[in-house]
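Novice: Have a look at this one.
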């Protein structure tokens, strides 16, 4: 194990680390490391945890990461990494945490992410991702936190998102999402926090959302919604942040 996290390390990550046979953990999070991620790290077949978050790393996610066959935790958050997310990341089926938030990633969310059936945390917020939310994410029944906010995502929310029955937190705010809210939201019985603000949603709020009995926080402001918040949401005591045009009919 190499744990140098929360220090003041500078310069680049030495590629020679890949020569340490059997290495299972690399934790360099919260330093001031710069430069690119060495592609040689992708040859560490036994690596379980790779945490490079909270640095000044730039460049791209190495395609060689497809060789991290045993990786459980991959954290690259809060850097300056750009380019697209390699499709091969979706083949790392041992992943339980994937945190790529707070970078400059662009392009689409790979449909191959639907293969990550052990994943519990998927954090992609605060990037430049575009196109639509892939319906394949609906296969991820173990995910409890899905952060897609602060991107440039378009299109409607796939019905299949409602099949992610392990979700506790769902952040979709600050995108360019359109259409209506899917009635399948009502199946998210464990969801506590849902943020949809600052998009282009229209229509009414589905009555099925009143079945989200664990929900405590709902922000639907800065959209083009009409009608009223379903009474059951009010009865459940949910903290609602609606635009002026939307109000609880029971309140």
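Quick note: the coordinates plus some simple rules give every number you see, no bench work behind them. Since we're looking at a predicted model, the values are computed, not measured. Here the Cβ positions follow ideal geometry from the backbone for every residue, glycine too, while neighbour counts run over all protein chains shown.
Novice: Stretched out fully, how many nm does the piece from residue 93 to residue 56 gain, at 0.36 nm a residue minus the Cα gap? The partial results should precede the final answer.
Specialist: Numbers: separation 37, 0.36 × 37 = 13.32 nm, distance 2.77 nm.
Stretched out fully, the residue 93 to residue 56 stretch lengthens by 10.5 nm.
Novice: May I ask you to compute the full-extension gain from residue 8 to residue 189, defined as 0.36 nm times their residue separation minus their alpha-carbon distance, rounded to one decimal in nm? Could you put the intermediate results ahead of the total?
Specialist: Values: separation 181, 0.36 × 181 = 65.16 nm, distance 4.31 nm.
60.9 nm is the gain from fully extending residue 8 to residue 189.
Novice: Taking a ≥ b ≥ c as the square roots of the Cα gyration tensor eigenvalues, with a/c under 1.5 meaning rounded and otherwise prolate when a/b beats b/c, else oblate, which class fits the range 100-175?
Specialist: On the way: a/c = 1.56, a/b = 1.42, b/c = 1.09.
Cα axes put the range 100-175 in the prolate bin.
Novice: Still on this structure: Report the calculated FRET efficiency for residue 19 and residue 120 (r = Cβ-Cβ distance, R0 = 30 Å), to the nearest 0.05.
Specialist: Details: r = 32 Å, r/R0 = 1.06.
Rounded to the nearest 0.05, the efficiency is 0.40.
Novice: Looking at the square roots a ≥ b ≥ c of the eigenvalues of the Cα gyration tensor of the range 94-136, which shape do they give, rounded for a/c under 1.5, prolate if a/b is larger than b/c, or oblate?
Specialist: Numbers: a/c = 2.68, a/b = 1.30, b/c = 2.06.
It comes out oblate by the Cα gyration axes.
Novice: Hey, another quick one. Considering Cα pairs under 8 angstrom that are at least six residues apart, work out the relative contact order of the chain and quote it in whole percent.
Specialist: 9
Novice: Arranged by the count of other C-beta atoms within 10 angstrom, fewest first, what order do 121, 147, 69 take?
Specialist: On the way: 121 18, 147 22, 69 13.
So the ranking, lowest neighbour count to highest, is 69, 121, 147.
Novice: Using helices alone, I'd like the mean residue ellipticity at 222 nm for the chain: each DSSP H run of four-plus residues gives -39500 (n - 2.57), total over residue count, nearest 500. List each step's numbers first, then the result.
Specialist: On the way: 1 runs with 5 residues, N = 251.
Counting only the DSSP helices, I get -500 deg cm²/dmol.
Novice: Along its three principal axes, how long is the range 2-129 when you only count alpha carbons? Whole Å, largest extent first please.
Specialist: 35, 31, 22
Novice: Follow-up question, since we're still on this one. Summarise the long-distance tail of P(r) for the chain by giving the % of C-alpha pairs beyond 34 Å.
Specialist: Details: 7390 of 31375 pairs.
More than 34 Å apart: 24 percent of the Cα pairs in the chain.
Novice: State whether the range 141-251 is rounded, prolate or oblate according to the following rule on the C-alpha gyration tensor (a ≥ b ≥ c being the square roots of its eigenvalues): a/c under 1.5 gives rounded; otherwise a/b larger than b/c gives prolate, and the remaining case gives oblate. Kindly include the intermediate steps, with their values, before the conclusion.
Specialist: Values: a/c = 1.63, a/b = 1.09, b/c = 1.50.
Judged from the Cα gyration tensor, the range 141-251 comes out oblate (a/c at least 1.5, b/c at or above a/b).
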